[in-house]
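Asks: Before anything else, here's the structure in question.
The values are calculated or read from the model by the stated rules, or taken from the named source; none is laboratory data. Note that the structure is a prediction, hence the values are computed from the model and not measured. We place every Cβ from the backbone using ideal geometry, glycine too, and count neighbours over all the protein chains shown. For accessibility, only protein heavy atoms count, side chains too; no ligands or nucleic acids. Shrake-Rupley method; radii C 1.70, N 1.55, O 1.52, S 1.80 Å.
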Amino acid sequence: MVKRCKAVMRQIICFSEEKGRLCDVLGAWVKIMKPTRADWLSVLKELKNMDHPLYLEVAEHALLEESFEPNLRDYTKLIHYYSKESQLDAAENIFTAMKQRGFICDQVILTTMVHMYSKAGHLDRAEEYFEEIKLLGEPLDKRSYGSMIMTYIRAGMPEKGESLLEEMDAQEIYAGSEVYKALLRAYSKIGNAEGAQRVFDAIQMAGIIPDDKVCSLLIYAYGMAGQSEKARIAFENMKRVGIKPTDKCISLVLVAYEKENMINTALKFLIDLEKDGIMVGEETSRILASWFRKLGVVEEVELVLRDFATTTSHQIS
């Protein structure tokens with residue numbers, strides 16, 4: 001850091017309201033030292049690294065100075081910072097000031113606004129900014145689409161999110177894997193198996209290879225929907241393509257069977273797994289034991305717990 005930057009840093013660090021206004025301190029620095037954009041950026045970087053309480057005030061003041069040569073991305077960064085702190089009004093004020101100073105909004109900064117309101121749970125405001133992106137007349141990128149899809153997911157409207165996903169697919173634009181997974185999770189939680197299956201298929205169409213976590217979400221969706229056989233099929237398909245089933249996946253199939261009181265089918269499922277050399281873990285054993293207790297079959301509970309303890313000790317040794 002050059003001397004003129006160190007000088008103003010000392011003044012900022014030692015600043016107190018009794019000494020006057022910070023804007024006067026910065027104004028004097030500009031007048032005397034004539035800083036360049038690089039100097040401003042050096043000061044801002046240092047304040048941010050220090051997590052200094054005056055960082056935002058200095059950053060806002062810099063936007064007013066010609067020597068800073070502010071551009072659209074400077075405003076975007078500040079809005080993003082305020083959104084992370086959930087200071088929506090402050091972010092809006094920066095956005096308004098930016099437009100008043102003659103800057104024209106682009107897709108990046110409007111997407112930042114969508115993302116901010118999405119995280120804050122303000123669906124209507126997020127939709128307003130998404131419409132503004134469309135009015136730009138440019139092709140929407142995957143980040144803009146992804147932010148709005150996440151907005152609908154957070155609002156409990158996965159169907160609308162899926163509709164945007166289909167719009168993207170038609171243009172051969174593919175969302176990030178986190179967006180697909182979030183949509184699949186949303187359908188799974190509400191037991192919408194058809195929706196979950198559609199998203200699972202879309203994941204593969206997008207060239208994303210499903211892992212055990214993605215497969216478990218599909219299994220869970222079928223279990224929640226009371227479709228144990230389809231949950232089992234999803235599990236078998238997972239094995240068939242070489243994905244090693246985790247204890248979580250096994251337990252979800254068991255839960256699906258329990259939901260339909262199919263104890264014999266569940267036991268056969270576990271026996272088949274054992275034949276394939278797949279041993280159940282703690283979660284599956286606990287679910288099975290709980291199920292047996294509900295049925296009033298105490299001896300089987302003790303047997304399950306004993307078998308699990310034996311299996312665990314073998315694995316450790």
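Asks: What single numbered condition from (1) surrounded by 19 or more Cβ atoms within 10 Å (Cβ to Cβ); (2) under 21 Å from residue 245 (Cβ atoms) fails to hold for residue 179?
Replies: Looking at each condition in turn, residue 179 falls short on (2).
Asks: Are there any pairs, at least 6 apart or on different chains, whose C-beta atoms fall under 9 Å, with the first in region 265-285 and under 13 Å from residue 245 (Cα atoms) and assigned to a loop (DSSP other than H, G, I, E, B) and the second at pLDDT below 90 and acidic (Asp, Glu), and if so, which?
Replies: 280/274; 280/307
Asks: Would you check if residue 280 is crowded, with 17+ Cβ neighbours inside 10 Å and touching a Lys or Arg at 6+ places or on another chain (Cβ under 7 Å)?
Replies: Answer is no for this residue.
Asks: Could you give me the residue pairs with C-beta distances under 8 Å whose first residue belongs to region 200-218 and is farther than 16 Å from residue 182 by Cβ, whose second residue is of a type in the set (Asp, Glu) and open to solvent by 20 Å² or more (accessible area, probe 1.4 Å) wherever it lies, and which are 6+ apart or on separate chains?
Replies: 205/169
Asks: Out of (1) free of Cβ contacts under 8 Å to residues at least 24 places away in the same chain; (2) outside any loop (DSSP other than H, G, I, E, B), the odd one out for residue 53 is which?
Replies: The one condition residue 53 does not meet is (2).
Asks: Follow-up. Provide a single number: the residues in region 184-202 that are over 19 Å from residue 249 (Cα atoms) and open to solvent by less than 50 Å² (accessible area, probe 1.4 Å).
Replies: Of the residues in that region, 2 qualify.
Asks: Does region 10-22 contain at least one residue that is open to solvent by 80 Å² or more (accessible area, probe 1.4 Å) and in contact (Cβ under 8 Å) with a residue 24 or more places away in the chain?
Replies: yes
Asks: Residue check, residue 208 against (1) within 25 Å of the chain's Cα centre (by Cα); (2) surrounded by fewer than 18 Cβ atoms within 10 Å (Cβ to Cβ); (3) in a helix (DSSP H, G or I), all met but one. Which one?
Replies: Going through the list (1) within 25 Å of the chain's Cα centre (by Cα); (2) surrounded by fewer than 18 Cβ atoms within 10 Å (Cβ to Cβ); (3) in a helix (DSSP H, G or I), residue 208 breaks only (3).
Asks: For region 82-89, state whether one or more residues are closer than 30 Å to residue 32 by Cβ, modelled with pLDDT under 95 and not β-branched (Val, Ile, Thr).
Replies: no
Asks: Please name all residue pairs, on different chains or six or more residues apart, with Cβ atoms under 6 Å, provided the first residue is in region 161-186 and is at pLDDT below 95 and the second residue is not in a helix (DSSP H, G or I).
Replies: As it stands, the answer is 174/206; 177/208, since those pairs meet every condition given.
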